[in-house]
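Asker: Before I ask anything, let me first share the structure, which is written out below as structure tokens.
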Ligand SMILES: C[S@@+](CC[C@H](N)C(=O)[O-])C[C@H]1O[C@@H](n2cnc3c(N)ncnc32)[C@H](O)[C@@H]1O
């Protein structure tokens, strides 16, 4: 089954994503879903760390990717981002992706073939830091998810279409990597160098009781009473009596749904460094 074309019926042997849902009677449901890049990101065998939806969407937007874009990526890793890239640049764009780990390159190549993406993606097993990309004057955008992206930046510069503006993004978990990347981008003439961090914030849905003003005032009064009583060191029996009075006078208030967000946002994946490649001027181009 192709990730790019929908079908009305599933045929035997085709890839589907099984989604399980509990039901009230305890028997549950299973939905068989058409594979999409978002779903693949959830189920892809993790041969490496992978990119997730928040970073993927941010990078796709800032690299200005669209149908017809020609893109260079390294490392391919588990191919999570490559699947999204392929869908964005289809039907007439192309992705050149490079992975130096042989087994990983083979496995992800097989995924691309089985998912109907081979016409859009060329994968090569190559150490891009040592040997460059072997590509010149070809691509609109470059994405580097490598431990040392700065080593590949001079070669990435050569890969851009030399007469038009291009965009580069580097994905690095540590700030020291960002510093070295920025220095290299600057040395190689890239401009508009910016760094972002993309964090997901979950909203937890809770129910809270709605009190009328009278209810709230009574509640406060009761709490104050209890406090005073504790201070006066009344015996346990007195307290129990007071509590039973409280529960008798209390009516269950209606509930309100609210969403709660964590005070501290965890889940740092990586820093995203973006920069712009400026077109080479005509006279520079001729003297090359
Ligand atoms: C974190 S993974 C990339 C994950 C990928 N973005 C995804 O979403 O699935 C980084 C990959 O870069 C590869 N790599 C590291 N250095 C490389 C180099 N010099 N040339 C090519 N690939 C390299 C590693 O083998 C690894 O598979």
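Asker: Could you tell me the relative contact order of the stretch 89-201? Use alpha-carbon pairs under 8 Å, at least six residues apart, and round to a whole percent. Walk me through the numbers before you get to the answer.
Answerer: On the way: 125 pairs, mean separation 23.6, N = 113.
Averaging sequence separation for qualifying contacts and normalising by length gives 21 percent for the stretch 89-201.
Asker: Report the residues of the stretch 195-209 in range of a label on residue 257: point 7 Å along Cα→C-beta, backbone N strictly under 13 Å from it.
Answerer: 204-208
Asker: Taking the Cα-to-Cβ direction at residue 214 and at residue 276 and moving 7 Å from each Cα, how far apart do the two end points lie in nm?
Answerer: A separation of 6.5 nm, rounded to one decimal place.
Asker: Which of 278, 272 comes first, and how do the rest follow, when ranked by fewest Cβ neighbours within 10 Å?
Answerer: 278, 272
Asker: Hey, what number do you get for the chain at 222 nm if only DSSP H runs of n ≥ 4 count, each worth -39500 (n - 2.57), divided across all residues, to the nearest 500?
Answerer: About -10500 deg cm²/dmol.
Asker: Once both labels are modelled 7 Å past Cα along the beta-carbon direction, what's the residue 47-residue 127 spacing in nm?
Answerer: With each label placed 7 Å out from Cα toward Cβ, I get 1.9 nm.
Asker: Arrange the following residues from fewest to most other Cβ atoms within 10 Å of their Cβ: 55, 233. Numbers along the way, then the final one.
Answerer: Details: 55 23, 233 7.
Fewest to most other Cβ atoms nearby, the residues stand as 233, 55.
Asker: Above 16 angstrom, tally the Cα pairs of the stretch 1-104 and express them as a % of all pairs, no decimals.
Answerer: 65
Asker: What percent does the relative contact order of the chain come to when contacts are Cα pairs within less than 8 Å and at least six residues apart?
Answerer: Relative contact order of the chain: 17 percent.
Asker: While we're on this one: Taking Rh as the Kirkwood radius, which is the inverse of the mean 1/r over Cα pairs, what is the Rg/Rh value for the stretch 104-234?
Answerer: Across the stretch 104-234, the Cα-based Rg/Rh ratio is 1.44.
Asker: Given the chain, report the % of alpha carbon pairs whose separation exceeds 28 Å.
Answerer: Cα-Cα pairs of the chain separated by over 28 Å account for 54 percent.
Asker: Below 8 Å between Cα atoms, with a sequence gap of 6+, how large is the relative contact order for the stretch 3-84 in percent?
Answerer: 27
Rule-based calculations on the coordinates, nothing more; no lab input. Everything numeric in this text was worked out from a predicted model, so none of it was measured. Reconstructed Cβ throughout: ideal geometry from the backbone, glycine too, with neighbour counts over all protein chains shown.
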